[in-house]
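Taking it in order: structure first as structure tokens, then the write-up.
The numbers here are math on the coordinates, done by the rules we state, and not lab data. Given the structure is predicted, the values throughout are model-derived calculations rather than measurements. Using ideal geometry, Cβ is built from the backbone for each residue, glycine included, and neighbour counts are taken over all protein chains shown.
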Amino acid sequence: MTDDVQIVSDIDLRSPMICRFTTPRTLYVGTKTVNNADDAKGLPLAEKLLRLWGVEKIQLIGHLLVVTKTAEGMWKDLANEIESILTSYLISTQALTPDDVQEKMMLMGRSTKEKVQYLIDMQINPGVAEHGGSVGVVDVKGDILYLRLYGGCQGCGAADFTLKQGIETIVKRAVPEIGQIIDLTNHNAGLNPYYQRPDLDRPRR
């Protein structure tokens, strides 16, 4: 598998503190400059690279990784470490797939709320509709997304699983600016849940 990952490194002759690494796959859709841990949040590759001794900052530009080293760093050793991290990332499940790239390109230029709405319309609701339910965006405030579940999802015993394992995974991967998702659904008012919630199965006293 690693034989298929061809990484080309090139030290900038005019700025020897900079080295460019060209990869066969897209690392980031758009341009991202990462100077510190806060900038790297939600980007597994950037987080690993910034932990390397000798790395000052990185830029992700499509298939290109641009690394700026510190004065103490030596490219002879640093470049090998960076290529090793790149290779491991590219063959992992964390790397962007062609579908991921297409999706991110579709999301470019949209507001955070518009991005979430697009994902719900295109990826999430088609699936939950099979269970007679739907998901609606109530609002986005800061990094918090407020949702409400309807139909078969309202009062469903699997609603928590759907939210945590389904919706959160899709949204946070594509829209890393979302840090928290809050379900505003009144599940006790659900009239036709797809899976009965255990607490609703108990006889009332």
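Data for the structure
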item: Magnitude of the charge dipole, the range 29-75, Cβ model with Lys/Arg +1 and Asp/Glu -1, debye to 20; result: 100
item: Two-site label geometry, residue 33 and residue 9: point separation in nm, points 7 Å out along Cα→Cβ; result: 2.4
item: The range 43-55 - phi-based ³J(HN,Hα) in whole Hz, Karplus 6.51/-1.76/1.60, Gly and Pro as x; result: 10, x, 5, 4, 4, 5, 5, 5, 7, 6, 5, x, 9
item: Burial ranking of peptide ranges 75-86, 39-50, 99-110 (average Cβ count within 10 Å, highest at the top); result: 39-50, 75-86, 99-110
item: Straight-distance crosslink candidates among aspartates and glutamates, where the alpha carbon sits under 17 Å from residue 76 and sequence neighbours closer than 8 are dropped; result: 10, 12, 56
item: P(r) weight above 20 Å for the range 40-136, C-alpha pairs, percent; result: 53
item: Cross-link pairs 57/104; 32/115; 48/104; 104/141; 57/172; 57/113 - those with Cα-Cα distance over 26 Å; result: 57/113
